Amino acid sequence: MNYHSTRNKTKMVTASQAIASGISPEGGLFVPASLPTLSQQTLMELQGKSYQECATALLAPFLGDFSQEEIAHCVNDAYTDEKFDTPRIAAVKHPGDDLYFLELWHGPTCAFKDMALQLLPHLLTVSAQKNTPDKKIIMLVATSGDTGKAAMEGFRDVPNTEVMVFYPDQGVSEMQRRQMVTGEGNNVAVVAIDGNFDDAQTAVKKIFTNTSTIERLATHQMIFSSANSINWGRLLPQIVYYVVAYCDLVTQGNLAMGEQVHVAVPTGNFGNILAAYYAKQMGLPIGKLLCASNQNNVLTDFFKTGTYNRNRPFFTTSSPSMDILISSNLERLLYELSGGNTDQITAWYHDLATTGSFSVDATVKQKLDDTFFAGDCNDEETAEAIRTMFEKHQYLCDPHTAVAVKVVQDYRAKTGDDTKILLASTANPYKFTESVLAALGQDEIPTDEYQQMATLEGLTGLAIPPSLSALQDKPVRFTTQITAAEMESLVLDHLGICPQ
Ligand SMILES: *Cc1c(COP(=O)(O)O)cnc(C)c1O
């Protein structure tokens, strides 16, 4: 399987090259030249296999220049019992209402980013050995809250890598901030940015694609890569859990083999829902994809009108990991829906960069309508979704997951469609304890986060994850705060590369 950029088909790269470099030099994202197919026969064979066995089988056709042993080794090192607190790695729960929660937060940092970021360092290490064996890989990470810590955990003390995380100072939950600033490892650094996630992500993309900076790194035997979902190696592992969840639904007797299920995803950078789209294209019986946004509803408007317009106010919400106005992975979807029209993608993304907006044509708009339903909700509706799910079903959701619950309710009310829905549950509620307590109607919320967690545990009986309680005793290691404009010089300085 070979890869090329969404903006240029002529230069083919191998899977390991796509993963090692993260982003294509002209700013496009790597996509597979074709998708493998998933037959019902294969689905039946996967039933009853372990998560690790399924992952090895599903990843193989995408990783053409990896050996079977290399893939199995990466997968087995990533998805271990020490790292994940459920043997199934991703657990399907069914509190009621024909709604199936795919809990993707049983890894070390309590958010779904672990599903990919535990595997990516292994894929990247193998990729680097194949392409740039003597180089040190510098991972630049822009985070809206969860990717940062998950990347630090995944890459902590991995030889020949260095991780630099940039997070929006005012844009993450207290628990997310604490997870990052107390992070361990000799190869990690964390910096607060005076700006929002988009400022951090745009600055990171600019540093990656700055040819003079790349050349200066090269003279020091260093290369950049990305742990954000612009990296194919970050997106690919996410396809696996949709397939495994489908098999589990069949095994549990909740779905007949071949029966369609809709998939609802709380969406920010469009990575998670895109993985579900790829699974559907491969042949997994998925019906509609429900794209759920918070008050930053740029995607809802896009799916409604065909115009993507980022010129709008940016809101800080109770679901901070979705506070995003530039959803990078939409580019990969539009590449697929435009029939692989790289010139068209280049033109649209040129418009986005210069005017902040672009409009797709009628053919692409029709394809969007055929597959997607998009909706959004505000913080009040999010809180209400958390409260009703708990009161009705004793099931506790974090605010991101609750956004998708609300959009599912809206979808069903609007369409009357009662098809079963698999909903991606993306974070442990304890990462957002204060919002969850407020949603449950708690009047007196302690100011201390650890007391907040104890209150929530008393109220719901859901156990506090040990990795979050442990933060209390960890010293703060990182306090640097800068503007997005200062990022590039800070990166070079940190790497010991002198100014020109
Ligand atoms: C990152 C994140 C999202 C959004 O996922 P994308 O792949 O960026 O769309 C949703 N919920 C949580 C908890 C997250 O950390």
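Details
- Under 14 Å from the Gln252 label point (7 Å along Cα→beta-carbon), backbone N, region 69-100: 87-100
- Over region 47-107: Kirkwood hydrodynamic radius from C-alpha pairwise inverse distances, Å: 13.0 Å
- Helix-only mean residue ellipticity at 222 nm for the chain, each DSSP H run of n ≥ 4 adding -39500 (n - 2.57), per residue, nearest 500: -13500 deg cm²/dmol
- The chain, dipole about Cα centre (Lys/Arg Cβ +1, Asp/Glu Cβ -1), debye to the nearest 20: 1140 debye
- Charged neighbours of Asn254, selected by a Cβ distance under 12 Å, balance to -1 (K, R count +1; D, E count -1).
- Extended-chain gain in nm, criterion 0.36 nm per residue less alpha-carbon gap, Gln260 and Lys11: 85.9 nm
- In this simple spin-label approximation, Glu391 and His220 carry label points 7 Å from Cα along the Cα→Cβ vector, and these lie 5.7 nm apart.
- Longest site-free stretch - the chain; sites: GluC sites (Glu not before Pro), DSSP loop, at most 10 other Cβ within 10 Å: 83-443
- Computed over the chain, the alpha-carbon pair-distance distribution with 10 angstrom bins reads 4, 20, 32, 29, 13, 2, 0, each value a whole percent.
- The fraction of all Cα pairs in region 441-486 landing in successive 5 Å bins from 0 to the largest distance is 5, 16, 20, 17, 12, 10, 11, 6, 3, 0, given as whole percents.
- Rounded to the nearest whole angstrom, the semi-axes of the ellipsoid equivalent to region 155-270, taken from the Cα gyration tensor as √(5λ), stand at 35, 19, 16, largest first.
- Extension gain (nm, one decimal) between Asp369 and Asp448, 0.36 nm per residue minus Cα-Cα: 23.9 nm
- Cα radius of gyration and Dmax for region 12-86 (Å): 14.7, 43
- Efficiency of FRET between Glu457 and Asp65 - r from beta-carbon atoms, R0 51 angstrom, step 0.05: 0.60
- Hypothetical label at Asp351: residues of region 312-335 whose amide nitrogen lies under 19 Å (7 Å Cα-Cβ projection): 312, 325-335
- Between Thr161 and Ile137, the built amide H atoms are under 5 Å apart, and every one of these is 5 or more places off in sequence or on another chain.
Laboratory data are not the source of any read-out in this text; all were calculated from the coordinates shown. Source: prediction; values computed, not measured. Don't worry about glycine lacking a Cβ; one is built from the backbone with ideal geometry, like all the others, and counts go over all protein chains shown.
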